[in-house]
Structures are given as structure tokens and as C-alpha cells.
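Here, each number is a calculation from the coordinates, and none is a lab measurement. Just so it is clear, the model here is predicted, and its values are computed rather than measured. Every residue, glycine as well, gets a Cβ built from its backbone with ideal geometry; the counts of neighbours run over all protein chains shown.
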Amino acid sequence: MHGGRMLVVVPAVIALAVGLDGCELFGPRHSIPDLRGTYIAHNADIQADPKTVDAIISAFRQAEAALQRGDLDAVMMLYAKSYKHHGYNETTLRGVWKDLFKEYHDFSATHVFSRIKVEPNETPPTAQITCTGSLWGLSKRTGERVNIDSWFGEVHYMVYENGSWRMYGHAWENRLDKETRSERPPHPFF
């Protein structure tokens, strides 16, 4: 009977310790980690040639590197001149990024692509990228790591413009009416 009680107590103590760790009794709680980078999911649906996939990934990685450097002009290179999303265009989005650079530093972004579908016969070529990810920054005011934006299964529309893949909007922006769009929170970043 003593051995039976021991089998119950050990898991209970472990569960209590794990639970208390979440309550910060064992020290300061760490911010949720971000992966930082662009990845293709292991089961991704890829409908593009490898060279095009590499070019799309490169566009995101260049934007991520620009974020880390705090280079607004280089971040804006990810966006097409015709960018449109939830009332944002390239000019208004630049203002949002400028404000973010004033408030945060040490940015990191994570992009996990679960689908890449390229339409190479369109002029110019276009792509739909299904992406889950997040954007983090360190607040200059509080010193805390902050999740600025996150998205799940967002479809980024991209266009091949001036020798590079650039984002020009998101799928739901193009297909939903104004009433439905106003109910969904904006996702202007990646």
C-alpha cells in the first residue's frame, strides 16, 4: 500500500512544480520564445519551382535582416508599389513601420509557409503564400519583449516586381466585402 501512495504522490509533486513554475514562484517568467526566421513546413504544399521558392524566401529573409538593422527603407522593399491591405497602402504602411521603429528595437519575425502557389504564366508572375507567424520587438519604454503581430494561415499575395518578389496584399482583403473586412483585425505587416 505504501508503494501505491508513492506512485500517486510523485506525479502530483511534478505537476505542482510545473504548475508553480507557470505562476512565477521559481523565478522570473521568460517571454514566449520566437523562432526568428522563414521556414517551410515539413508537409507544405509547394506549387513552384525551387528557384522561385528560394527567391520568395529570400525576399522575406531580406526584410527580416532589415528589421534587425532597423532599416526602414529596406523593410519597405518587401512591399509592392501597389500594396493594399485593410486601408493601408505603401505610404501609410511606411508610417506604421516608422512608428514601430520609434517604440521597439531588437525585432524578430517568424514565417512558416505551409503553401506556396506560384502563377508563373501571369504577367507579372504572382504567388499565394499561406503563412503562420509572428512579429516581436523589445519595447524601448518597458524593456519587455512584445508580440506586435501574429497570424495563422494568412494568405499573402505576392507579385514579381522589379526583379524581386514583393507583397501586394492578403487574400481576405481582396475577396470580402467592406462589412466583413471591418470585423476582422488588420494584419498589415508580413
For this session: Work out from phi, with θ = phi - 60° and the Karplus expression 6.51 cos²θ - 1.76 cosθ + 1.60, the ³J(HN,Hα) of each residue of region 112-127, listed in order in whole Hz, and give x for Gly and Pro.
Result: 10, 8, 9, 7, 10, 10, 9, 9, x, 7, 6, 10, x, x, 10, 8
Exercise. Separation between the Ala41 and Asn89 pseudo-spin-labels, each 7 Å from Cα along Cα→Cβ, expressed in nm?
Worked result: 3.4
Seminar exercise, completed: 1/(1 + (r/R0)^6) with r = Cβ-Cβ of Ser58 and Arg141, R0 = 45 Å, i.e. FRET efficiency to nearest 0.05, evaluates to 0.85
Problem set entry | Among 109-116, 149-156, the order from most to least packed when residues are scored by Cβ within 10 Å on average | 109-116, 149-156
Problem set entry | Nitroxide proxy distance, nm - points 7 Å out along Cα→Cβ at Asn121 and Phe152 | 3.6
Exercise. Given H placed on each backbone N at 1.01 Å, which residues far from His86 in sequence or on other chains put an amide H within less than 5 Å of it?
Worked result: none
Exercise. Per residue, what volume in Å³ does the Cα convex hull of region 32-183 take up?
Worked result: 124
